[in-house]
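The values are calculated or read from the model by the stated rules, or taken from the named source; none is laboratory data. Since the structure is predicted, the reported quantities are computational estimates derived from the model, not experimental observations. Neighbour counts run over all protein chains shown; Cβ positions are idealised from the backbone, glycine included. SASA here: full protein model, heavy atoms, side chains in, ligands and nucleic acids out. Shrake-Rupley method; radii C 1.70, N 1.55, O 1.52, S 1.80 Å.
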Amino acid sequence: MSVDDQHDTRFGDTPDVDAVVVGAGFSGLYMLHRLRELGLSVRVYEKADGVGGTWYWNRYPGARCDSESHIYCYSFDEGLLEEWEWTERYPEQPEILEYLQFAADHLDLRRDIEFETEVTAATFDDESGTWTVETADGQQVTTRFFISAVGCLSKPFLPDFDGLDEFEGEWYHTSRWPEGGVDFADKRVGVIGTGSTGIQTIPEVAERAGHLTVFQRTPNYAVPARNRPLEEDEYEEIRANYDDIWDRARNSRLGMPFDSEANSARRLSEEEIHEILDKRWQQGGFRFLHAFEPGHILSNEETNAIISEFIRSKIREKVDDPETAAKLVPTDHPYASKRPPMDYNDYYGTYNRDDVRLVDVEAAPITEFTADGIRTADGHYDLDIVVFATGFDAMTGAILAMDIEGRDGLSLEEKWSAGPRTYLGLGTHGFPNLFTITGPQSPSVLTNMPMSIEQHVEWITDCIEFMDREGYDLIEPTEEAEDQWVSQTNMLADQMLFSEADSWYRGENVPDKPSVFTPFPGGLEMYRGICETVAEKGYDGFELRGAADAATVEK
Ligand code: N01
């Protein structure tokens, strides 16, 4: 099908395009590629002036991906795998951005992307069975499929501190970093936040600033990443084994091809467990989370307690001052019940520097910004620059930033007011032909993202192909299937340790956001199997409506 030969809707109207995709990061780019292969006309809208998504925006010093580079890329295209070569074990932001630019050129994607164009609204019209998508610059385009590729961590969260307007210094959110960088030389800098981002950036800022004050509310379990250059022969071996690597990654819980030393620690002595942990500590990164089967670590209190204590002892070893060490040791949540961060550049050792100070804002919260800095309940800190490493309105924030209206005027914001409700994280009842790539209640952020993205994009592509082949215009999850999926996601989460941490996984970092566990916690392998079965059964749990007679077929 070409732009001039588009699919008529069931009432004969021709939409402007077959599909609108929002976002030109990993998911939007691949979605565009696959839909074009199907012969659909596609328009991608991207707010930024270039491709990259997360990797366009997150330019803060130290920004790097915690997934290993050889699996943090597309697996579907031999040419991409052959022509691209990562330089380090973990890819740095500029290199990932360059990779996505390279992929966009390699697949000739840019001609269907409108940059610097923000989608503000999308409204479904039941009469014509089409969506009307609106952009901030006043465009209106009709489309058959409306596909969100906005990412899970793309709407920054900025706490509402009193007095920020009065602050006379500079301030930046890590995910809206100026392209030219920030000059920290001789400046008194404050960093708020010690999540994955804060832990990546704090050692880098400490290197550059005159003085650094870190405002920490909750300490975290940072595991050494053990980054290093990738050697040529190592890379050759990776290339030679890619089929096996992808096969193992796709059929794993976390979308990573790593083995565990043992499925469970249950029958092992504490000494044996420590031996394994020591070995995995040396390997670093997510290989540590694979010391035992990750599902076991994430659900077994006893094993998790041993691992948590193991990391605490490592933190105490690293930090010279016992009082500072005590503040840095997490005791309020189990390891990995929040997203486990990685330490690239001696994060804990950074607190041994004379020019770095740690302030516990759980004990004495930030009360306000002043013209000269930050006031907490027990003092004032003079600052020239403040860095907000305060995270995101995750999982739903960027989708709900668009005013999405489904059948009968139902707004998505209203529908999700008590937390997201989806079927498979791919769609939601009341919103026909809306697909959400790595949407809430899919594995997404609990996995190596490109693996989950590819699985979603391929499933959506197959689904659209099926619809066209069988003569269906509209697809929409049934309410029953959705209710069942939400219950299943919650039930699995309740069996794990996630409820023991206040985290963005549960929306708890954003005031007034409903506290609901949002990713699907059963793992990529289980999830993939469920999605495949749904498709094999003719899209079980979805309602399909046909072109000719608008007949409703419940599967
Ligand atoms: O955000 P976070 P992030 N006063 O929400 C603190 C991904 N990522 O940007 O823990 C004081 O984790 C907050 O404190 P607390 C990764 O999935 C990926 O670091 O809520 N402090 C916390 O310390 C990650 O999980 C890569 O008590 C306040 C911090 O700010 C996700 O992005 C690299 C506060 C926010 O931590 C988000 O990480 C980097 C307040 N009012 C990140 N409000 C890759 O590898 C918040 N905080 C791809």
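Pull out all pairs, ordered by first then second residue, where Cβ-Cβ is under 7 Å, the residues are six or more apart or on different chains, the first lies in segment 241-262 and is on the phi > 0 side of the Ramachandran plot, and the second is at pLDDT 95 or above. Correct list of pairs: Gly255/Ala249; Gly255/Thr447; Gly255/Asn448; Gly255/Met451; Gly255/Ser452; Gly255/Leu524. The set of residues in segment 221-232 that are in a loop (DSSP other than H, G, I, E, B) and either surrounded by fewer than 23 Cβ atoms within 10 Å (Cβ to Cβ) or touching a strand residue (DSSP E or B) at 6+ places or on another chain (Cβ under 8 Å) (or both) comprises Ala222, Ala225, Arg226, Asn227, Arg228, Leu230, Glu231. For segment 367-383, the set of residues classified as open to solvent by 40 Å² or more (accessible area, probe 1.4 Å) and more than 17 Å from Asp165 (Cβ to Cβ) consists of Ala377, Asp378, His380, Asp382, listed by residue number. Checking the stated criteria, Ala394 turns out to be within 15 Å of the ligand (Cβ to nearest atom), open to solvent by less than 10 Å² (accessible area, probe 1.4 Å) and within 30 Å of Phe161 (Cα to Cα).
Which residue is nearest to Phe184 (Cα to Cα), if the candidates are limited to segment 197-214 and must be assigned to a helix (DSSP H, G or I) and among the hydroxyl-bearing types (Ser, Thr, Tyr)? Among residues in segment 197-214 that are assigned to a helix (DSSP H, G or I) and among the hydroxyl-bearing types (Ser, Thr, Tyr), the one nearest to Phe184 (Cα to Cα) is Thr201.
So for segment 299-308 (the condition being more than 19 Å from Arg266 (Cβ to Cβ) and open to solvent by less than 10 Å² (accessible area, probe 1.4 Å)), does at least one residue qualify? Within segment 299-308, not a single residue is more than 19 Å from Arg266 (Cβ to Cβ) and open to solvent by less than 10 Å² (accessible area, probe 1.4 Å). Residues in segment 460-488 that are under 20 Å from the mean Cα position of the chain (by Cα) and surrounded by fewer than 20 Cβ atoms within 10 Å (Cβ to Cβ): Val486 alone.
Among the residues of segment 104-127, just one is more than 20 Å from Gly28 (Cβ to Cβ) and crowded, with 19+ Cβ neighbours inside 10 Å, namely Phe124. Out of all the residues in segment 45-53, is one or more under 27 Å from Asp462 (Cβ atoms), out of contact with any Phe, Trp or Tyr (no Cβ under 8 Å at 6 or more places or on another chain) and at pLDDT below 95? No.
The residues of segment 47-59 that are of a type outside the set (Gly, Ala, Ser), more than 9 Å from the ligand (Cβ to nearest atom) and open to solvent by 10 Å² or more (accessible area, probe 1.4 Å), listed by number, are Lys47, Asp49, Tyr56, Trp57, Arg59.
Matching residues to (1) of a type outside the set (A, V, I, L, M, F, W, C); (2) without any contact (Cβ under 8 Å) to a residue 12 or more places away in the chain; (3) within 26 Å of Ala24 (Cα to Cα):
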{"residue": "Leu383", "(1), (2), (3)": "no, no, no"}
{"residue": "Val387", "(1), (2), (3)": "no, no, no"}
{"residue": "Ala394", "(1), (2), (3)": "no, no, yes"}
{"residue": "Leu400", "(1), (2), (3)": "no, no, yes"}
{"residue": "Glu405", "(1), (2), (3)": "yes, no, yes"}
{"residue": "Pro420", "(1), (2), (3)": "yes, no, yes"}
{"residue": "Gly427", "(1), (2), (3)": "yes, no, yes"}
{"residue": "Thr436", "(1), (2), (3)": "yes, no, yes"}
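Would you call Glu368 away from the ligand (no atom under 16 Å from the Cβ) and of a type in the set (D, E, K, R)? Against the criterion (away from the ligand (no atom under 16 Å from the Cβ) and of a type in the set (D, E, K, R)), Glu368 does not qualify. Picking from residues in segment 322-365 that are charged (D, E, K, R) and either open to solvent by less than 70 Å² (accessible area, probe 1.4 Å) or touching a Phe, Trp or Tyr at 6+ places or on another chain (Cβ under 7 Å) (or both), the one that is farthest from Thr218 (Cα to Cα) is Asp355.
Taking the numbered list (1) part of a helix (DSSP H, G or I); (2) under 22 Å from Asp66 (Cβ atoms) in turn, Tyr90 passes all entries but (1). The residues listed here are Ala103, Ala24; of these, the one that is part of a loop (DSSP other than H, G, I, E, B) and away from the ligand (no atom under 13 Å from the Cβ) is Ala24.
Pairs are defined by a Cβ separation below 7 Å, a sequence spacing of at least 6 or placement on different chains, a first member in segment 199-211 that is more than 16 Å from Gly181 (Cβ to Cβ) and more than 13 Å from the ligand (Cβ to nearest atom), and a second member that is open to solvent by 40 Å² or more (accessible area, probe 1.4 Å) and polar (S, T, N, Q); the pairs so defined are Pro203/Asn345.
Against the definition (part of a loop (DSSP other than H, G, I, E, B), modelled with pLDDT of 95 or more and open to solvent by 60 Å² or more (accessible area, probe 1.4 Å)), how does Asp137 come out, yes or no? When the stated conditions are applied, Asp137 passes them. With respect to the stated conditions, Met491 is more than 16 Å from the ligand (Cβ to nearest atom) and either over 23 Å from the mean Cα position of the chain (by Cα) or over 14 Å from Cys152 (Cα atoms) (or both). Here segment 156-188 is the region considered, the condition is being over 29 Å from Ala501 (Cα atoms) and not in a loop (DSSP other than H, G, I, E, B), and the residue that is most open to solvent (accessible area, probe 1.4 Å) is Asp165.
Ser503 meets each of the listed conditions (1) open to solvent by 40 Å² or more (accessible area, probe 1.4 Å); (2) within 16 Å of the ligand (Cβ to nearest atom) apart from (1).
If the condition is being over 18 Å from the mean Cα position of the chain (by Cα) and assigned to a loop (DSSP other than H, G, I, E, B), then segment 68-82 contributes Ser75, Phe76, Asp77. For Glu85, the requirement of being surrounded by fewer than 20 Cβ atoms within 10 Å (Cβ to Cβ) and either in a loop (DSSP other than H, G, I, E, B) or under 15 Å from the mean Cα position of the chain (by Cα) (or both) is met.
Considering only residues in segment 399-409 that are surrounded by 21 or more Cβ atoms within 10 Å (Cβ to Cβ) and aliphatic (A, V, I, L, M), the one that is farthest from the chain's Cα centre (by Cα) turns out to be Ile404. Among the residues of segment 254-298 satisfying the criterion of being among the small types (Gly, Ala, Ser) and either part of a helix (DSSP H, G or I) or touching a helix residue (DSSP H, G or I) at 6+ places or on another chain (Cβ under 6 Å) (or both), which is surrounded by the fewest Cβ atoms within 10 Å (Cβ to Cβ)? Restricting to residues being among the small types (Gly, Ala, Ser) and either part of a helix (DSSP H, G or I) or touching a helix residue (DSSP H, G or I) at 6+ places or on another chain (Cβ under 6 Å) (or both), the top hit is Ser264.
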